[in-house]
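The values are calculated or read from the model by the stated rules, or taken from the named source; none is laboratory data. Remember, predicted model here, so these are calculated numbers, not experimental data. Note that we place each Cβ from the backbone using ideal geometry, even for glycine, and neighbour counts take in every protein chain shown.
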Protein chains: 2
Amino acid sequence: MQVAITIKDIARLANVSITTVSKVINNKDDSISEQTKNKILQIIKETNYQPNAIARSLVTKKTKTIGLIIPDITNPFFPEIARGAEDCANIYGYNIFLCNTDDNAEKENNYIAVLREKCVDGIIFTSSSIPKYEHIIDLIDSGIPVVMIDRSIEPKLKNIYGVFLDNYKGGYLATKYLIELGHRNIACITGPLYTKSAIERLNGYKKALSDFNIEINNSMIIEGDFKINSGMVAAEKIIENKDVTGIFACNDLMAYGVYKTLKKKGYRIPDDISIVGFDDIQLSQILEPQLTTIKQPSYDMGLTATRVLIKLIEGEKVRKKVVKFEPSLIERKSVREYHNNI
Amino acid sequence: MQVAITIKDIARLANVSITTVSKVINNKDDSISEQTKNKILQIIKETNYQPNAIARSLVTKKTKTIGLIIPDITNPFFPEIARGAEDCANIYGYNIFLCNTDDNAEKENNYIAVLREKCVDGIIFTSSSIPKYEHIIDLIDSGIPVVMIDRSIEPKLKNIYGVFLDNYKGGYLATKYLIELGHRNIACITGPLYTKSAIERLNGYKKALSDFNIEINNSMIIEGDFKINSGMVAAEKIIENKDVTGIFACNDLMAYGVYKTLKKKGYRIPDDISIVGFDDIQLSQILEPQLTTIKQPSYDMGLTATRVLIKLIEGEKVRKKVVKFEPSLIERKSVREYHNNI
DNA sequence: TTGAAAGCGCTAACAT
DNA sequence: ATGTTAGCGCTTTCAA
C-alpha cells in the first residue's frame, strides 16, 4: 500500500473543500459549477490522483469485491467458471478474490471468515456439501449475498440462490445414449459421493438403467474423486468384469484416466469398450478418440452466477432463485454401437 | 458488506477501552492482565466478532491482498501458476485478486489502476510486454512491489523482480533433441512474438539449428498465438513442405492443434512426423501418443513469485532479483528417430 | 454553489 | 495494566 496523494491534496490545490472534490469524483456534481468542476478534474489528471477505495469502502460499506470459492482452479472445469465470473464482475466494476479449498471444510471456513473480514460484497461458492453444510447455512443467514454454483446443497433452503446444471438429466442422457446403442453392461465411475452433483449424475444413470429394465449392479458402480487417477484405478477394476461394454465416467478427467488404463491394457476405444464423459472440457476434442461427453456451459454458468450475485448485492430483483442449465450430449468418437449377437 | 458488531461493542461489553480490545486482537497483549484478556476473548467468541479488515487497512496501510494479473486463466498453463500463488499467499495470510487481461494492454492498465485504488500490497504480473511496457515501468516506479512471472520484459531494468523459465534453453533443448535423433527439417510454431518467452524459445530453436550447422529456413517458422487453433492452422502450412519430419510447437496447446490436423490428414505421430511441445501441462500425458515436451515447473513458479513478492512487501531481503527455473525435457512418445536413408 | 463537521472501525502514540 | 486521543481518506448530512 503506497503513500499517495489524497483528496485533501486535491482540495488544497484546487482551493476548494474536500466535499466538493468528493462530489466531482463521484459524479454527484449537479450542483458544482462547470468552472470548479473543470479545475478539479484538471488537477486530478495532472496529479494522477486515484481515490483510495479502502477509505471509501469504510464509509460506503461497499467494497466492490466478490469472493469466489472453488475446490481447485487446477481442475480444468473451474477455469471456465472463474473466467465467466471474472468477466461479469469486471463489467460491473467488481474484483474477485480467488479461493481454492480442495473440498476441505476447514479451508472453506477459513476463507469464509477472511472474506467476511475483508468485507466482500458477496460470495460465489462451490462447496462440497454433504458431510457438513452448517457453515454455509450460517454464511447465508449472516445476510451476505451468496450464490451457490455447480453443486447445490442439501437441504433445499428457501433462501438459497444458485446456478446449477441439471446433473440428473446429464447422467440420464449419457446412460440412455449407451443403452440405446445396445449396451447393457454399463459401468459408472462416480464423483465423490459427498457432492450433490456426483450423486445426481449417479441417480440419472440408475434411472436410465431402470427405465430400460436393466438391473442395477452395484459392483459396476465405482466411486471416484473427479480426478484423472481415480479414472485409471476404476478402469482397472471395471475390466475385471468381461461383460462390460460401456463406461459412464462422471467427468471428463476420469474418462481420461480410463483411456489411459484401457490403452495400456490393449483395449481399443470404442471397439472394445465405449466411454461417455461429463463436462466437455476443452481437451476432450483433442483426445484420441475424441470423447463423447455431456456438455456443461461452464463459462455461462460462471457468468450467470456472478450476474445474479451482483443483482443481489445491488438490491435488484432476482426472479429465479435457482437457474438450472441444461446438459447436452456431444457425440464424438468414443462410443460405438454394441450388438449382443456378434 | 454487512453491518456487524464492532470493536466498540466488544469494549462496551467487556467494560474496557477499545485500545485494550485492539491489543488483544493483535496479540500485543504483553501488558494486559490474563483476566481482562480472557474476558475479552470470551466475549469475542460469544459474539462471533470479526475485526473489520477495511478499517484496519485504512490505518495500517496494509491490505494483505495481492493482485495476480495473467492473460487468461482458461489457458491450462495459468491455473497451475495461480494455484501456486494462492497456496503461498494463503500461508502468509494474503488473498489474491484474479485478473485476466487477454494480453490486452488496455485491460492491463485498467486492472493496474483498480488494484492500486484497492491498495493491494503487491502485484504478480504476466504481461505481454514488447509492444508497450511503459505502464509496467510506471507501475514499478510507483514503488509498489511487483514480481513479473513467466514473461520478462524489455529492457532489463535494474529494479525488476521476476520469476522466469529459461525459455531460450527450453527451445534449445527441444530442438537439439530432434536434431540428435536425426531430424534435419524441423519446423517451429512460435508463440505470439510480442512476448519475450516466445522470442526466446524461437531463439533457442535457431541456436540449436546453427550449432548443428542446419540452415535456418524462415518458411519453417510460423507464428502462432499459444492457442490450439493456431497449431491446427500452422500444421496445415507445415505439411505442404514434404521434407519436414519434426515440429517444435512452442507450447503444448499448439501441439494439440498439430495433433488434430495431422491425424485428420492421415499422418501418424511419430511415424510420419515427430512433435515436441512446451509446458508439460497435465493433459500432455493423456494424449495419444503421449506428448514429448519441455517441462515448466509452473506451480513452483507461482509459489516462488508470491514468496518473493511477500518478502518484498514485508521488507525482507530478497537476494536474487530474478530467479530462473530450468526447463527439462520429458521424453514420451511423440518423437521417433529419423533415418535419412530409409 | 460550496463547505464544515461528523463519523465509518480501527491502530498507535502517548498519557495515566 | 489500561485509557484518551488523534487520525487513516473518504462520504454524507446539514448549514451557509
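Rundown of residues vs (1) within 14 Å of chain B (Cβ to nearest Cβ); (2) surrounded by fewer than 24 Cβ atoms within 10 Å (Cβ to Cβ); (3) in contact with an Asp or Glu (Cβ under 6 Å, 6 or more places away or on another chain); (4) without any contact (Cβ under 8 Å) to a residue 24 or more places away in the chain, yes/no style:
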site	(1), (2), (3), (4)
A:E240	no, yes, no, yes
A:I247	no, no, no, no
A:A255	yes, no, no, no
A:V258	yes, no, no, no
A:K263	yes, yes, no, yes
A:Y267	yes, yes, no, no
A:F278	no, no, no, no
A:Q285	yes, yes, no, no
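A:Q290 - would you say it is in contact (Cβ under 8 Å) with a residue 60 or more places away in the chain and assigned by TED's automatic domain parsing to the domain that holds A:N229? The answer is no for A:Q290. Can you find a residue that is part of a helix (DSSP H, G or I), crowded, with 22+ Cβ neighbours inside 10 Å, within 13 Å of the chain's Cα centre (by Cα) and more than 16 Å from DNA strand D (Cβ to nearest atom) anywhere in segment A:86-103? Yes, there is a match, as at least one residue in segment A:86-103 is part of a helix (DSSP H, G or I), crowded, with 22+ Cβ neighbours inside 10 Å, within 13 Å of the chain's Cα centre (by Cα) and more than 16 Å from DNA strand D (Cβ to nearest atom).
Tell me, yes or no, whether segment A:162-178 has at least one residue that is more than 14 Å from chain B (Cβ to nearest Cβ) and more than 19 Å from A:L329 (Cα to Cα). Within segment A:162-178, one or more residues are more than 14 Å from chain B (Cβ to nearest Cβ) and more than 19 Å from A:L329 (Cα to Cα). Comparison of B:A82, B:A4 shows that the only residue that is in a helix (DSSP H, G or I) and more than 12 Å from DNA strand D (Cβ to nearest atom) is B:A82. Listed conditions (1) in a loop (DSSP other than H, G, I, E, B); (2) facing another protein chain (nearest Cβ under 8 Å); (3) farther than 20 Å from B:A53 by Cβ are all met by A:S128, apart from (2). The single residue among A:I54, A:I73 that is within 10 Å of DNA strand C (Cβ to nearest atom), facing chain B (nearest Cβ under 10 Å) and either in a strand (DSSP E or B) or modelled with pLDDT of 95 or more (or both) turns out to be A:I54. For segment B:22-53, the set of residues classified as without any contact (Cβ under 8 Å) to a residue 24 or more places away in the chain and either among the polar types (S, T, N, Q) or within 30 Å of A:T6 (Cα to Cα) (or both) consists of B:S22, B:K23, B:N26, B:N27, B:S31, B:S33, B:Q35, B:T36, B:N38, B:Q42, B:A53, listed by residue number. When you scan segment B:179-186, do you find a residue that is in contact with a helix residue (DSSP H, G or I) (Cβ under 6 Å, 6 or more places away or on another chain), part of a strand (DSSP E or B) and assigned by TED's automatic domain parsing to the domain that holds B:I222, even just one? Taking every residue of segment B:179-186 in turn, at least one turns out to be in contact with a helix residue (DSSP H, G or I) (Cβ under 6 Å, 6 or more places away or on another chain), part of a strand (DSSP E or B) and assigned by TED's automatic domain parsing to the domain that holds B:I222.
Take A:M232 and decide whether it is closer than 30 Å to B:T261 by Cβ, free of Cβ contacts under 8 Å to residues at least 40 places away in the same chain and in the same structural domain as A:N185 (by TED's automatic domain parsing).
For A:M232, the condition - closer than 30 Å to B:T261 by Cβ, free of Cβ contacts under 8 Å to residues at least 40 places away in the same chain and in the same structural domain as A:N185 (by TED's automatic domain parsing) - is met.
Of the candidates B:E117, B:E80, the single residue that is in contact with a helix residue (DSSP H, G or I) (Cβ under 6 Å, 6 or more places away or on another chain), within 12 Å of chain A (Cβ to nearest Cβ) and over 23 Å from A:K64 (Cα atoms) is B:E80.
Select from segment A:2-17 the residues that are within 9 Å of DNA strand C (Cβ to nearest atom) and surrounded by 15 or more Cβ atoms within 10 Å (Cβ to Cβ) and write down the one among them that is farthest from the other protein chains (Cβ to nearest Cβ). The qualifying residue farthest from the other protein chains (Cβ to nearest Cβ) is A:V16. Of all residues in segment A:294-342, those satisfying the criterion of being farther than 21 Å from A:C88 by Cα, surrounded by 14 or more Cβ atoms within 10 Å (Cβ to Cβ) and out of contact with any Lys or Arg (no Cβ under 7 Å at 6 or more places or on another chain) are A:I294, A:K295, A:L329, A:R332, A:K333, A:S334, A:V335, A:R336, A:Y338. For segment B:28-38, the condition holds for no residue, the condition being that it is under 21 Å from B:N95 (Cβ atoms) and assigned to a loop (DSSP other than H, G, I, E, B).
Selection of strands (runs of 3 or more DSSP E) fully inside segment B:226-336 by the criterion of at least 1 residues being more than 30 Å from B:V146 (Cβ to Cβ) returns B:246-249, B:274-279, B:292-295, B:328-330. Residues in segment A:113-134 that are at pLDDT 85 or above and under 25 Å from A:G84 (Cβ atoms): A:V114, A:L115, A:R116, A:K118, A:C119, A:V120, A:D121, A:G122, A:I123, A:I124, A:F125, A:T126.
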